[in-house]
Each structure stands twice: as C-alpha cells, then as structure tokens.
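Remarks on the structure that follows.
The values are calculated or read from the model by the stated rules, or taken from the named source; none is laboratory data. Fair warning: this is a prediction, and the values are worked out from it, not measured in the lab. Neighbour counts are summed over all protein chains in view; Cβ atoms, including those assigned to glycine, are modelled from backbone coordinates with ideal geometry.
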C-alpha cells in the first residue's frame, strides 16, 4: 500500500564492542550476571570519579571505519549528550558529536539482484545506558520498571546511515551485511538476541517525486531482523494512513510491540540541539597518527565481498554458493582450510552446506563448536574422491564423526563400509536385480532412460550402499544393451 508515496529510511545501528572491560572503567562487559553487580563508582557516575578511555575501543572504531570505506580523522573527541532518562546514571551520556571516530563511508547491498550503495554518515564511540526491566511485556503495558545498570558503560559504536534506504527489505539487507562485516573484523559477536547489535529505525514518507523529506519517527531498539522489517513496514503504512486522512506526522520516538505487531508512541523526539552537547572535560581528545591508521588497515582480514569475488573467480563457485559460504566468517574460514587440500570447491560446498550443516544443527552445534576439524573433513572428501566410499556412505559417516568424534577412516574400517569397486563382486547383484525387475528392464529397453536410476537404486540397496554407483551404472547398461 503506497498510494503514490515512498519511504525514506535511515538506520542507527548500535554495536556492542567485544572488549573484556567497559569503555571508561575496568568493570566486566560479560553478558548476564545478577542485576547491578557489574558496576563501579565510575560507570555509576558517582561524584569525584574520572573516566579513562579503553584503548581497544578506539582500535575497534578505527577498524570499523576502514572496513566501511569511511574516513578516519587524525583528531576526534568525546562530548556530553545531556538528557534525563532512568537508565542513564549521570543524566548525560558520554558520546561523540561533531568530531566522531569516522565519517563519510558506504556499504553496498544487493536486493533482488540489484546492487545499491548506502551512504554511512558516521560511526561514533559512546557508552551504553542501563536496561529497564518492565513489569509487563512492553514499556507501554507496564505499571512499573526496575533498572539494571550492568550494561552502563559497555562500549558501543553507533553507525548512522544516510537516509538512502527505501524499503524494509533494503533495511534488513543493510543490517545483515553490516553485521557480517563486523563479525569478520572481529569487533563484536553481533548477537541480536543478547542486544549486541540493535537498530533504531528513522522512517518518514513522502510523495513519489518530492525532494523534501517528510517528518520522521524513530522506532527504538529493534533487536531482530524480523522485528526491524515488520516495524518499518507498519510505520510506513501508519504514516501514509495519517497523511491520507489529513493528519500530521508527529516527530516522536516510538517502540515496537511485537505481540500486537504495531509501533507505539513513547515520547516526543528531540533534535540534536536539545541535547546541549559540549566537549567532555574529563577526557582528552583522541589523536591518531597516519602510521597507526595504516597499521590497523593492514591488520584487517579479507572482507565478505572480496572473499565472495575470490570464491567465484578462483574456485568457480556460483553466486548462490559463494553467498552461502561468506555468510559466516567461521564457515568461510573452515571452507578455505579444506580448499587448501581439496581442489573441487563445489564438492566442498555440497557436503559442507548439505548433510554436515544439517547434522550440526540437529546436534545444537555450529562451525565454531563442531568437534569435526577441517583435517577430518578433508579426510572424508578424500575418501570420496579416491572412491574408497560412496556419497551415500559419506552421508552415513558424517553424523558418527560429529557424535563420536572419530576419523572417517576409522569409521569406515570399524563398520566395513569400503565401497565395492570390483566388477566381479557386483555382477551377481546386478544380474539378480535385472531378473527381479523385468518391468524396469522392459521400460529401459523401450527408451525410458530414467528407469536405469531405479535399477541402480536397487543394486545400491542390495549392496547396503557400498557399491560404486558409477560402476553399477556402467555394468547395468552393458547387461541391458
């Protein structure tokens, strides 16, 4: 339902950095813990304390800027963003305003086969606020809220896009692509379910062809790709309906109610000048040398799009297969280790993303936690390539490799699963299958070529999956001619 309108969407993505301690003190950043136990006088903002910047936060900020094609200035500083909210211990947030750690970058996304460049206005460092624990399911349905300050002072990067997104699908792809890059450069685990990455969606609508932006609303703390999409779609429809009914959009902050599938008004939205930003007097400016910036650049890993290009051009993978592999850095690293020994990239993908991936999921494991090391996977594929085992046997071996943590060779030996590639050993089975299936034989001789697949299957069944399928096919054709 657009009724001649288009959406204008900008995202503010808050990324929790993977440091051991908070941004201005030595408190742990570990997720969980009893409420208000990961705190100290500094992160609680008690009188007389002084913050000290965590050097790792600065490095992560630089890494992010370089990975997002942004400019990293030699000089940046912290500021005080002044506002009152119960989860803010100091009544101001230490953030960055006019001189952030990086600015003017971009990220390319692909939706429905079309590549689009999304501008990135800036990325700035800041401290996280606390967490409100509501008595009800949402803030709007609660009669009381408690505050857990464990999260106060956890280091964040806020990555602000230009208003270049035009649909919920583009917004989803942008966050997904951003999340992939951030995990590749290892600055965050990007676990949306734990709040490590969350998005605020600034949404407005305007008549198609109009140059002026409409009045925007900001929907806060969307912590899943599904919630992001649904909240944006709802907000677009809601704003169009308001305008079509002759109403006016209020500039306000809203919240997403997942149960009702709607956004709800929380408070009026402030402009930047309402926060009364001023330079943080307790922290010195951040001065970075060109040498330091280039040193960080040199430490960056191969990024997803570069990796995808290599997999397609050097390994001959399809666009689809390459996207599967680069979706997860741990998976991509695993693939690369296997590829050093196995030249057939497609074979690796077929087994890696087929039975192996499925069995890992059923066991509650991932490529990080899997007990099957790349060396064992290489051994499995080598057994297939040298025709020691068939593909069917390989599929039987994979779950045993995962559950019992045994090598493929030892499983084959223990269970007697060596592929039968001796034609004299297969002849008897083949003749028996031909004798027992006259209809399939007649169909094949009548020109129905697909019938041989049935006969091959019967031989494989008789051999308990051990027969060499290619040899069976060859011998059957010889006897059927």
Completion exercise
When residue 150 is run through (1) surrounded by fewer than 14 Cβ atoms within 10 Å (Cβ to Cβ); (2) part of a helix (DSSP H, G or I); (3) over 19 Å from the mean Cα position of the chain (by Cα), the failure sits at (1)
Problem - When residues of segment 157-193 are limited to those that are closer than 22 Å to residue 60 by Cβ and out of contact with any helix residue (DSSP H, G or I) (no Cβ under 9 Å at 6 or more places or on another chain), the one modelled with the lowest pLDDT - result: 193
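Does segment 456-466 contain at least one residue that is surrounded by fewer than 12 Cβ atoms within 10 Å (Cβ to Cβ), part of a helix (DSSP H, G or I) and not assigned by TED's automatic domain parsing to the domain that holds residue 400?
No, segment 456-466 contains no residue that is surrounded by fewer than 12 Cβ atoms within 10 Å (Cβ to Cβ), part of a helix (DSSP H, G or I) and not assigned by TED's automatic domain parsing to the domain that holds residue 400.
Collect the residues in segment 17-27 that are surrounded by 14 or more Cβ atoms within 10 Å (Cβ to Cβ) and touching a strand residue (DSSP E or B) at 6+ places or on another chain (Cβ under 8 Å), keeping them in residue-number order.
Answer for segment 17-27, where residues must be surrounded by 14 or more Cβ atoms within 10 Å (Cβ to Cβ) and touching a strand residue (DSSP E or B) at 6+ places or on another chain (Cβ under 8 Å): 17, 19, 21, 22, 23, 24, 27.
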Problem - Hits in segment 408-439 - residues which are surrounded by fewer than 19 Cβ atoms within 10 Å (Cβ to Cβ), under 30 Å from residue 373 (Cα atoms) and without any contact (Cβ under 8 Å) to a residue 24 or more places away in the chain - result: 410, 413, 414, 415, 416
Exercise for the section: For residues that are closer than 18 Å to residue 267 by Cβ and surrounded by fewer than 22 Cβ atoms within 10 Å (Cβ to Cβ), scanning just segment 218-241, find the one that is modelled with the lowest pLDDT. Expected result: 221
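Listed here are the residues, each with its yes/no results for (1) at pLDDT 95 or above; (2) more than 16 Å from the chain's Cα centre (by Cα).
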residue	(1), (2)
294	yes, yes
321	yes, yes
325	yes, no
335	yes, yes
355	no, yes
Exercise for the section: Need at least 2 residues that are at pLDDT 90 or above and under 16 Å from residue 354 (Cβ atoms) per element, so show me which helices (runs of 4 or more DSSP H) inside segment 373-416 make the cut, counting only ones lying wholly within it. Expected result: 374-385, 391-404
Problem - Residue that is farthest from residue 293 (Cα to Cα), among those in segment 41-53 that are crowded, with 16+ Cβ neighbours inside 10 Å and at pLDDT 95 or above - result: 42
Practice task
Take segment 440-454 and flag every residue that is in a helix (DSSP H, G or I), free of Cβ contacts under 8 Å to residues at least 12 places away in the same chain and over 49 Å from the mean Cα position of the chain (by Cα).
Solution key: 442, 443
Exercise for the section: From (1) buried (at least 19 other Cβ atoms within 10 Å of the Cβ); (2) at pLDDT 95 or above, pick out the condition that doesn't hold for residue 370. Expected result: (2)
Problem - Unmet criterion (only one of (1) in contact with a helix residue (DSSP H, G or I) (Cβ under 7 Å, 6 or more places away or on another chain); (2) within 24 Å of residue 276 (Cβ to Cβ); (3) crowded, with 22+ Cβ neighbours inside 10 Å) for residue 78 - result: (1)
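From the list 339, 358, exactly one residue is closer than 25 Å to residue 461 by Cα, out of contact with any strand residue (DSSP E or B) (no Cβ under 7 Å at 6 or more places or on another chain) and either in the same structural domain as residue 306 (by TED's automatic domain parsing) or in contact (Cβ under 8 Å) with a residue 12 or more places away in the chain (or both). Which is it?
Result of the check over 339, 358: 358.
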Practice task
Looking only at segment 54-65, decide whether some residue is in the same structural domain as residue 274 (by TED's automatic domain parsing), at negative phi, under 25 Å from the mean Cα position of the chain (by Cα) and surrounded by fewer than 16 Cβ atoms within 10 Å (Cβ to Cβ).
Solution key: no
Problem - Candidates 75, 83 - the one that is in the same structural domain as residue 221 (by TED's automatic domain parsing), more than 25 Å from residue 191 (Cβ to Cβ) and modelled with pLDDT under 95 - result: 83
